[in-house]
Amino acid sequence: MRELAPCADALYAQLQAPEHWVPYADTRSTLARLTDAGIALGVVSDVGWDLRATFAHHGLDRHFSSWVHSYTHETEKPDPALFAHACRELEVAPAETLMVGDHPAKDGGAAGAGLRAYVLPAGAAPGARRGLDAVLRLAGAAGVGRAPSAPRVEYDR
């Protein structure tokens with residue numbers, strides 16, 4: 001890995017570039033259904049930069065009203081404090097909140113804060129469907145015209 005050291009800054013800049021992130025095929029429709037159902041959505045992230053530009057680049061930022069980036073809280077996931085902070089910002093009780101994540105160990109902090117947690121199945125390629133229909137069922141937004149029982153937190157890296 002030492003041979004990659006001279007490229008580290010360029011690689012990190014590429015990783016941060018919004019155009020290099022590809023949402024899963026079912027992201028847009030899932031977020032729209034959750035938003036239409038009146039479910040409050042937030043992001044809890046442990047990447048080292050603000051993800052709002054990436055979400056905006058893909059037209060997804062309008063769905064979220066809370067952005068909790070661990071680097072601004074001097075801690076990182078799985079610290080339950082991050083998830084509790086998101087709940088406070090969304091004005092929802094942790095017990096009425098669903099955290100959707102992609103890493104069992106890191107996202108397990110949500111359960112420590114009293115949230116329900118759903119870890120997405122691994123292995124979906126960028127641009128493919130990720131199985132987010134399960135999120136709609138868990139959040140009570142799967143039925144047409146069916147109102148959710150409570151607001152939820154949506155997590156994305």
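The values are calculated or read from the model by the stated rules, or taken from the named source; none is laboratory data. Just so it is clear, the model here is predicted, and its values are computed rather than measured. All Cβ positions, glycine included, derive from the backbone under ideal geometry; neighbour counts span all protein chains shown.
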Check: What pairs can you find where one residue is in the stretch 13-32 and under 24 Å from residue 139 (Cβ atoms) and free of Cβ contacts under 8 Å to residues at least 24 places away in the same chain, the other is surrounded by 12 or more Cβ atoms within 10 Å (Cβ to Cβ) and not polar (S, T, N, Q), and their Cβ atoms are less than 6 Å apart, with a gap of 6+ or different chains?
Finding: none
Notebook entry, point to check: Quick one: in the stretch 126-147, which of the residues that are at pLDDT below 85 and either of a type in the set (Asp, Glu) or more than 12 Å from residue 26 (Cα to Cα) (or both) is nearest to the chain's Cα centre (by Cα)?
Noted result: 142
Note to self: Taking the conditions exactly as written (in contact (Cβ under 8 Å) with a residue 24 or more places away in the chain, surrounded by 15 or more Cβ atoms within 10 Å (Cβ to Cβ) and of a type outside the set (Phe, Trp, Tyr)), does residue 43 satisfy them or not?
What the structure shows: yes
Note to self: If a residue must be within 20 Å of residue 40 (Cβ to Cβ) and among the basic types (Lys, Arg), how many such residues does the stretch 96-128 contain?
What the structure shows: 1
Checklist line | Among residues of the stretch 50-107, those that are under 24 Å from residue 38 (Cβ atoms), hydroxyl-bearing (Ser, Thr, Tyr) and either over 12 Å from the mean Cα position of the chain (by Cα) or surrounded by fewer than 17 Cβ atoms within 10 Å (Cβ to Cβ) (or both), counted | finding: 2
Next item on the list: For the stretch 55-67, enumerate the residues that are in contact with a His (Cβ under 9 Å, 6 or more places away or on another chain) and under 21 Å from residue 13 (Cα atoms).
Entry: 55
